[in-house]
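Written out below as structure tokens is the structure these notes cover.
Every number here is computed from the coordinates shown, using simple stated rules; none is lab data. Since we're looking at a predicted model, the values are computed, not measured. No Cβ is skipped: glycine too gets one built from the backbone with ideal geometry, and neighbour counts run over all protein chains shown.
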Amino acid sequence: MAILSSLPRLAHADRLKPFVFRIAHNRCVSHVARRMRERTNQEPWDDVAAEATSQELLLIEQERSRRLLEAIRQLPLPYRQVMTLILEDMSYDEVSEALGISVANVGIRVNRAKQQLKAILNHG
């Protein structure tokens, strides 16, 4: 509903994807802020189901996904936002527009997030 009610403000139809992600991002930020106020500890994401040829490969892939998602959850919010959008196959330009930051800033945040993820995953 938020997207439909906001469509009249879309200036360029070719920029629909970042426009939709911007709305989704704002909704998510509102949701996170509300949840933090409520102080609930429910996990927002389910484990990612991996396609595998054997049960062992499936378990390995599930563990990797779980560890990555857990590591992403530990990142500071600006890095977590950028990495989440990058994992949604958005380009740096689209992330830049969705978050209202420069493309250069997207690159900086991605690099810093990757460094922190590497440290988190190697430490754990």
Here the net charge surrounding R112, from other residues whose Cβ is less than 14 Å away from its Cβ (Lys, Arg +1; Asp, Glu -1), is +4
Can you give the FRET efficiency to the nearest 0.05 for N122 and Q55, using r as the Cβ-Cβ distance and R₀ = 41 Å? 0.90
Please give the contour-minus-distance gain from S65 to R9: 0.36 nm per residue of separation, less the Cα-Cα distance, rounded to one decimal in nm. 16.4 nm
Cα-projected label distance for M1 with N26, points at 7 Å along beta-carbon direction, nm: 1.6 nm
